[in-house]
Amino acid sequence: MTDSPFIQVALQITLAVLTVLLFPTAYRLYRGPRIADRMLAMDLITTLLASIMVVYAILEDQHLLIDIALALSALSFIATLGVGRYVSEGRAIVTGK
């Protein structure tokens, strides 16, 4: 799909950067300290995973992965709305310092 060597290198660098960004986000998911931080980190992880899937699909010319990334993004949006409502109603157990 991408014959240009410049685009190939740019996509590979983008894939590496997106993958590296998963680590500090996973740390924030683990450490918290508030539930809102964890919720935002989980939303960012799913966004990063969907982005990684799209870049990889472009690199490997796998069109099915783009559809899967779109479905993951839709499910992530619905889950974020559900957790946000759950937290805003005060039904979540909030632990922190």
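Quick note: the coordinates plus some simple rules give every number you see, no bench work behind them. Source: prediction; values computed, not measured. Using ideal geometry, Cβ is built from the backbone for each residue, glycine included, and neighbour counts are taken over all protein chains shown.
Can you confirm whether residue 66 is β-branched (Val, Ile, Thr) and more than 17 Å from the chain's Cα centre (by Cα)?
On the way: β-branched (Val, Ile, Thr): yes; more than 17 Å from the chain's Cα centre (by Cα): no.
No; evaluated as a whole, the condition is false for this residue.
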| note | Over the range 52-68, the set of residues over 19 Å from residue 20 (Cα atoms) and either polar (S, T, N, Q) or without any contact (Cβ under 8 Å) to a residue 24 or more places away in the chain (or both) is 60, 62, 63, 64, 65, 66, 67, 68
